[in-house]
Each structure stands twice: as C-alpha cells, then as structure tokens.
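Heads up: the structure comes next, in structure tokens.
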Protein chains: 2
Amino acid sequence: MSENEPTLRVSKIKDGTVIDHITGGHALDVAKILGIAERRASVITIAMNVPSKRLGHKDMVKIEGRFLAGSEVDKIALLAPNATINIVKGYKVVEKQRVKLPDAIKGIIKCDNPACISNSNEPVQTRFYVQKAQPLCLKCHYCGHIMEKEEILKQF
Amino acid sequence: MSENEPTLRVSKIKDGTVIDHITGGHALDVAKILGIAERRASVITIAMNVPSKRLGHKDMVKIEGRFLAGSEVDKIALLAPNATINIVKGYKVVEKQRVKLPDAIKGIIKCDNPACISNSNEPVQTRFYVQKAQPLCLKCHYCGHIMEKEEILKQF
C-alpha cells in the first residue's frame, strides 16, 4: 500500500478562541483547564511541539464556539506564561490578549499545607508569590509552603 | 483589530502514526493511552469532533516519529472500536489497520472486584467479555463483575 496519509482538515473557526504560543508540550494541560477532557461536542484542534520562531517549539489550541472566562485565562497564564489568546468572531481575530503571570496569585489555587491558615475556617483568600515562572514554582504568602507545577496542575 | 486567526499548519508527517476514525470526543483518551500527556517532544496534532462521512463526527491523532505497540492498539480498540491505524513512512501510508474489539479481552485490564480470583495470588490472566461496545461495558469471566468505560479508563 502506498497512499497518502488521511488529510487532517483544520478549517478556520468562525467564532471561538485560538490559544497560541503555549509552552511546548502543555496543550493538554490547557485542555484540562478548559474542561475539554470532558468530551464536549465542539470542534477542537490541538497541535503540540510545532516549530515557533519566538519559542523554539510551541503548542496551540483552537476551540470553536467557546470563549474563555477570566479565571480560565489566569490559570493558563500559570502554565503557559507566553500564551496569546485570540478571540475570533466571523472568522476574524477581534481581540488579541497576551496572558500575564501576576506577581501575586490570589484565590486561584489552594495551599497544599493542611496547617496553613488559608485552609482553616478563617475568611482568608489564598495568595501565592511566583518564585519561578518556568517551571512554575509558587510560595504561599501565609505559611511559606512551596507549590510546584505538578501539585498545582492537580487542582485544575 | 481585524486580522486573520493564527494559522495552524498541519504538515504531513514523514514517519509516524495517524489514528483516524476515533469515536468523537475520545482523542484525549487515546492520547492518554499513548502517554502523550507526559509531554513528549514529538510533533502531535489532535482534532476533535470533526465532521466524518462514516461516523458523523470523529477525532484524529497524528504523531510524528512514533509507532504503536500491539498492547496500545488493543487499548485503543476498547475506546474507539472504529479507529483505523495508519503507519506512515517516508510521507506515505505503508500499512493500514482497522482496530478490532475482540469478544474476549485478555490480560489488558484488571477486575475492580477485590474478591475476584484474578486479584488473588493465583496465576490467573484477567479475562472480560464485551457486553456492549459503545459505551464500553465489560463483564469479568471469573466473578461476573461489570466494568464500565470510566472505570476502565482509569487503568490506562
């Protein structure tokens, strides 16, 4: 047999979101944040480890008919600090946003230290400082506990 | 702003595998079977819920530089009984294989019933019969325990 491989048609999306410049190999983590693993019906394309001028290698996720909540963008920033979010309407990018890893991460993730005051019944919002962006390493404002990327991912 | 969306170039793969006709929405399960979630460096493209003449909707996974072990093909058959595996060498499909869900599934998954003889120290190979193909439902040969897809997926 010597036929061409099955064609993978990646049609333009009409309305939806293109998340570009995701750190190479992290597209499935982004998919997890967006709940794609729960088998939604929308058309989704994921490309991993494709060559990129800016990043060497990058991942990309395209989702038809889906726009991101602010909390989703914040989570993506944690895992893919170079990502750009393109909002597509009527086949055109109407808004382009670069995610930003803030110095302090508030209310997004929980501290893994059970003794931390943020895990008590006190009305305390979790807060972490970025110790290292890649691979991600956060330090709890309250107890100094260090959270690494794998622990953080488990919460998404 | 009104520019075109970032282009997602899906180049042909030189050597590798194209898994086509995956049941719609199951590409990420197939990715899990193949260990793609562990962030390998190879170029991978995943398309979900794309229109298909044969299946209505289908998923597709393309992996550069990767060929599948028989045990991986068997697992894919459990989740995507209509899948076709295309082996690509030098940009051409040199082999095309349709996965086959066998009547009896031997040695691939473990019975969830802790009291099942296959979970004792006896030298017994696990064996399940297919009760339903989609969604997958298997019955243990030894204890009659029914395993549903979500339980099975946890083992992959």
Completion exercise
Restricting attention to the range B:92-120, the residues that are among the basic types (K, R) and in a strand (DSSP E or B) number exactly 4
Practice task
Return the only residue of A:A115, A:A69 being more than 24 Å from A:D15 (Cα to Cα), away from chain B (no Cβ under 11 Å), surrounded by fewer than 19 Cβ atoms within 10 Å (Cβ to Cβ) and free of Cβ contacts under 8 Å to residues at least 40 places away in the same chain.
Solution key: A:A115
Handout entry: The one condition in (1) surrounded by 23 or more Cβ atoms within 10 Å (Cβ to Cβ); (2) more than 7 Å from chain B (Cβ to nearest Cβ); (3) of a type in the set (K, R) that A:K62 fails to fulfil
Key = (2)
Exercise for the section: Scan the range A:124-146 and give yes if some residue there is more than 16 Å from the chain's Cα centre (by Cα) and assigned to a helix (DSSP H, G or I), otherwise no. Expected result: no
Practice task
Filter the range A:59-91 for residues that are basic (K, R) and either assigned to a loop (DSSP other than H, G, I, E, B) or farther than 22 Å from A:Q134 by Cα (or both) and give the result.
Solution key: A:K62, A:R66, A:K89
Practice task
State the number of residues belonging to the range B:72-112 that are in contact (Cβ under 8 Å) with a residue 60 or more places away in the chain and either more than 20 Å from B:L138 (Cβ to Cβ) or among the polar types (S, T, N, Q) (or both).
Solution key: 10
Problem - Subset tally (residues that are within 17 Å of A:D59 (Cβ to Cβ) and away from chain B (no Cβ under 14 Å)) for the range A:73-100 - result: 7
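For every residue, the table says whether it meets (1) surrounded by 23 or more Cβ atoms within 10 Å (Cβ to Cβ); (2) modelled with pLDDT of 90 or more; (3) charged (D, E, K, R); (4) touching a Pro at 6+ places or on another chain (Cβ under 6 Å).
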{"residue": "B:S2", "(1), (2), (3), (4)": "no, no, no, no"}
{"residue": "B:E5", "(1), (2), (3), (4)": "no, no, yes, no"}
{"residue": "B:V10", "(1), (2), (3), (4)": "no, no, no, no"}
{"residue": "B:D20", "(1), (2), (3), (4)": "yes, yes, yes, yes"}
{"residue": "B:V30", "(1), (2), (3), (4)": "yes, yes, no, no"}
{"residue": "B:I36", "(1), (2), (3), (4)": "yes, no, no, no"}
{"residue": "B:A41", "(1), (2), (3), (4)": "no, no, no, no"}
{"residue": "B:T45", "(1), (2), (3), (4)": "yes, yes, no, no"}
{"residue": "B:L55", "(1), (2), (3), (4)": "no, no, no, no"}
Handout entry: Boolean, B:A104 is over 19 Å from B:L34 (Cα atoms), away from chain A (no Cβ under 11 Å) and of a type outside the set (D, E, K, R)
Key = yes
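The values are calculated or read from the model by the stated rules, or taken from the named source; none is laboratory data. All figures in this text were calculated on a predicted structure; none of them were measured in a lab. Quick reminder, even Gly has a Cβ in these numbers, built from the backbone with ideal geometry, and neighbours come from all protein chains shown.
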